[in-house]
Number of protein chains: 2
Amino acid sequence: MITSQQLEKPISDARDGLVQYASLYRDELLQNILPFWLEHSKDTVNGGFYTCLNRDGSVYDTDKFMWLQGREVWCFSYMYANIAQKQEWLDMALHGADFMEKYGRDKEGNWYFSLTADGKPLVQPYNIFSDCFATMAFAALNKIKPEERYRKIAIDTFENILKRQHNWKGIYNKAYPGTRSLKNFSLPMILCNLSLELEDILGSQRVNEFIPIVINEVMNVFYQPARGLILENVYEDGSFCDSHEGRLLNPGHAIEAMWFIMDLGKRLNDQVLIEKACSIMIDTIKAGWDAEYGGIFYFLDVKGVPPQQLEWDQKLWWVHVEALVALAKGYTLTGNDQCREWFERIHNYTWSHFKDPQYKEWFGYLNRRGEVLLPLKGGKWKGCFHIPRALYQISKTLEMH
Amino acid sequence: MITSQQLEKPISDARDGLVQYASLYRDELLQNILPFWLEHSKDTVNGGFYTCLNRDGSVYDTDKFMWLQGREVWCFSYMYANIAQKQEWLDMALHGADFMEKYGRDKEGNWYFSLTADGKPLVQPYNIFSDCFATMAFAALNKIKPEERYRKIAIDTFENILKRQHNWKGIYNKAYPGTRSLKNFSLPMILCNLSLELEDILGSQRVNEFIPIVINEVMNVFYQPARGLILENVYEDGSFCDSHEGRLLNPGHAIEAMWFIMDLGKRLNDQVLIEKACSIMIDTIKAGWDAEYGGIFYFLDVKGVPPQQLEWDQKLWWVHVEALVALAKGYTLTGNDQCREWFERIHNYTWSHFKDPQYKEWFGYLNRRGEVLLPLKGGKWKGCFHIPRALYQISKTLEMH
């Protein structure tokens, strides 16, 4: 006869169960993912990085999207700081930063959205996320190679983000003022992460003042207790707006934000916050999971009516690897066994669908059935960022036991 | 023994072969499509039309997109003028026009992109296609119910379109000036059709001056003989731009434009132009056809590298019904037997995939396999326009024999 105690594995055993994954994630990072970008993305003629890369790493388009330049500089700086001081990683970070510094900004210090291969501005600085990743890049680079000019670029860009944050679309904002004033989840979510990334530069006191504000935005404004989910857009006062924007769920965004919050909870030694973030994360995964074909949907409508996004049912790389990070952290910090179960389910889905058996780097875009929709390894949105960051975070989190 | 003459059916027989379809398309229009919109889209409280309609016609969102308001006014006016003077059609057109007139424009006469149900502006007039369909709507309404104010709205809007045409995005244009100056195919394509729609109002002389300019744009600038296809974006001088925008193919757009050109060719009695448009249309269908699952792709990259549009492989209602119009016209005007073959192939695909066996109106969005991706019958882009216009055009074209 099996007792209920025997059925419920003790937490420590279960934790041991995930330890085995640590080396797999670390090896994938070091043997496949970072080498892919080192080999294929460097533009040795013009500087900077190509990110539109075919399955085998060959370049299919030469435009340079500033947020992906920033993310790749951040990535190699971060790996240098956290894994090993490899010269080729430092060189790669400096190579990207040099191009960004030369060509990336307009006269007011706003970061362009995209440039030609040789650095001419193509698309105006309409998107504040270019600035977010630029500040992360230069803050990370300044940590491994302190230079006053890197520090200044990071801090000036960060101050500019704060200045623009409440109307960051500026002249490109198409919303008619006053009729339906919504605020969007993306910026507070990224600020959660940015505040920690910039602590060296901003100083702990400023970060400590900043943290409660972003936590409040994420956990009390965008999180809607009545629905148990985080919405992408709410009215200025935090209330629900019954419109396409207001009903939009972006499960990947919400899941990613929950590991940022868990990181903040760990820093604040706030177990209640960690448990809450973990629980919202699990609920979001359940809400976003495709029971028919597996994988997490890209977009959903909270009332179940048709979303506007035609790509709603696709399975995207970043959603799945961010979920794995959140589950690894959630499991380690709370011991909630649902985290382990979901980690294993999403691990199996991710490795059997996104990993390319033939070439380094993973696929980014699958259709609902999990078949490759676009064979690219990098493009306008996919660069050297989510996968390496996630592989590092997961291996680091799991090997800590 | 069968001779080659016996194998090649005479054109007249083959033409007879498509006549059978005329009544099917006409019945679908009169028994299903127009009744669906009459029953479900009228907002009897605020005026105007709901277009976000579920599979059964129930309303799932109440925002009003101005181009769909204009298209529905155009549709009921056009059917009244061309099929039968049904009072309910006239009432429907007036009902929509009244709402548009009251709430649709800013102080400069630009048409907003969207309004709330009760007519408050939501999204600024960033999109000139709202204006294109507004001018079409009021021109069509003025034909069936001549009123100076309708005529004036149509002509003022048309003049405003011409004034804005070379920089219609205005302040919302995100392209950095000078680096990569591209022009887009959409506006010249619509102007082809608009010029004929507005002939009553503009006068034949002005239309006659206008026609050669738009034909030249479509057939000599955006059509690229070296590739045998129409590109969505070219450099100002008509040359090919090797970038995501420059490589973009939108087969549905090109196919639709070819029946506008065939209409202009008929008016000009220019058989060479008609044959050329027909031949480009067939080549575009061949290039866009999905040999694996059937149907025409939404977007392709002319060099075969990954397109930026994640929805590239979806099968959209308008692409398929516009292809059927183009093929019916091509067949009737040229006798090219490939038009008949493709008509029958796309007819079979369309009726077996887009038509809903349970409710009136057709589905709009299928995945690559031809399964329903979104069950909506109307939304932000799908309204009372492409299907009824196509059903009318096809039945009219085929019954002329």
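A compact table of results
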{"read-out": "Top-ranked residue in the range B:305-337 [being part of a loop (DSSP other than H, G, I, E, B) and hydrophobic (A, V, I, L, M, F, W, C); ranked as surrounded by the fewest Cβ atoms within 10 Å (Cβ to Cβ)]", "value": "B:VAL305"}
{"read-out": "Selection count where residues are open to solvent by 10 Å² or more (accessible area, probe 1.4 Å) and either among the acidic types (Asp, Glu) or in a helix (DSSP H, G or I) (or both), scope the range A:371-388", "value": "2"}
{"read-out": "Flag for B:ILE274 being at pLDDT 95 or above, β-branched (Val, Ile, Thr) and in contact with a helix residue (DSSP H, G or I) (Cβ under 9 Å, 6 or more places away or on another chain)", "value": "yes"}
{"read-out": "Selection status of B:GLY252, among the small types (Gly, Ala, Ser), open to solvent by less than 10 Å² (accessible area, probe 1.4 Å) and touching a residue at least 40 places away in the same chain (Cβ under 8 Å)", "value": "yes"}
{"read-out": "Conditions (1) at positive phi; (2) within 19 Å of the chain's Cα centre (by Cα): number failed by A:LEU187", "value": "(1)"}
{"read-out": "Filter result (under 17 Å from B:ASP131 (Cα atoms) and either of a type in the set (Phe, Trp, Tyr) or in contact with a helix residue (DSSP H, G or I) (Cβ under 6 Å, 6 or more places away or on another chain) (or both)) within the range B:166-186", "value": "B:TRP168, B:ILE171, B:TYR172, B:PHE185"}
{"read-out": "Residue satisfying all of: in the range B:255-284; touching a Ser or Thr at 6+ places or on another chain (Cβ under 9 Å) and surrounded by fewer than 22 Cβ atoms within 10 Å (Cβ to Cβ); nearest to B:PHE222 (Cα to Cα) among these", "value": "B:SER279"}
{"read-out": "Those residues of the range B:372-401 which are facing chain A (nearest Cβ under 9 Å) and either touching a strand residue (DSSP E or B) at 6+ places or on another chain (Cβ under 6 Å) or more than 26 Å from B:ALA117 (Cα to Cα) (or both), in sequence order", "value": "B:LEU373, B:LEU374, B:GLY379, B:LYS380"}
{"read-out": "Residue identified as on the phi < 0 side of the Ramachandran plot and at pLDDT below 95 among B:ASN193, B:ASN142", "value": "B:ASN193"}
{"read-out": "Residue selected from the range B:114-132 under the condition open to solvent by less than 10 Å² (accessible area, probe 1.4 Å) and within 23 Å of the chain's Cα centre (by Cα), by the criterion nearest to B:TRP168 (Cα to Cα)", "value": "B:ILE128"}
{"read-out": "Residue in the range B:292-304 that is most open to solvent (accessible area, probe 1.4 Å), counting only those that are away from every other protein chain (no Cβ under 11 Å), part of a loop (DSSP other than H, G, I, E, B) and farther than 14 Å from B:LEU231 by Cβ", "value": "B:GLU292"}
{"read-out": "Some residue of the range B:23-36 being open to solvent by less than 10 Å² (accessible area, probe 1.4 Å), hydrophobic (A, V, I, L, M, F, W, C) and not assigned by TED's automatic domain parsing to the domain that holds B:GLY364", "value": "no"}
{"read-out": "Residue in the range B:261-274 that is touching a strand residue (DSSP E or B) at 6+ places or on another chain (Cβ under 9 Å) and in the same structural domain as B:CYS192 (by TED's automatic domain parsing) present", "value": "no"}
{"read-out": "Meets criteria (within 14 Å of chain B (Cβ to nearest Cβ), in contact with a strand residue (DSSP E or B) (Cβ under 9 Å, 6 or more places away or on another chain) and not in a strand (DSSP E or B)) for A:GLU245", "value": "yes"}
{"read-out": "Checking A:ALA328 against (1) farther than 22 Å from A:VAL234 by Cβ; (2) over 19 Å from the mean Cα position of the chain (by Cα), the condition it does not meet", "value": "(2)"}
{"read-out": "The lone exception for A:GLU199 - which of (1) surrounded by fewer than 15 Cβ atoms within 10 Å (Cβ to Cβ); (2) free of Cβ contacts under 8 Å to residues at least 12 places away in the same chain it fails", "value": "(1)"}
{"read-out": "Among (1) farther than 15 Å from A:TYR298 by Cβ; (2) in contact (Cβ under 8 Å) with a residue 60 or more places away in the chain; (3) open to solvent by 20 Å² or more (accessible area, probe 1.4 Å), the one test that A:ARG368 misses", "value": "(1)"}
{"read-out": "Residue pairs meeting the criteria (Cβ under 9 Å; at least 6 apart or on separate chains; first within 13 Å of B:PHE76 (Cα to Cα), in the range B:385-397; second polar (S, T, N, Q))", "value": "B:TYR392/B:ASN82"}
{"read-out": "Residue match in the range A:338-350 (condition: surrounded by 22 or more Cβ atoms within 10 Å (Cβ to Cβ), assigned by TED's automatic domain parsing to the domain that holds A:TYR293, touching a Ser or Thr at 6+ places or on another chain (Cβ under 9 Å) and under 28 Å from A:LEU18 (Cβ atoms))", "value": "yes"}
{"read-out": "Residue list for the range A:69-122, restricted to those being aliphatic (A, V, I, L, M) and in a loop (DSSP other than H, G, I, E, B)", "value": "A:ILE83, A:ALA84, A:ALA117"}
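The values are calculated or read from the model by the stated rules, or taken from the named source; none is laboratory data. Note that the structure is predicted; figures quoted are calculated from it, not measured. Please note: Cβ atoms are built from the backbone with ideal geometry, for glycine as well, and neighbour counts cover all protein chains shown. SASA here: full protein model, heavy atoms, side chains in, ligands and nucleic acids out. Shrake-Rupley method; radii C 1.70, N 1.55, O 1.52, S 1.80 Å.
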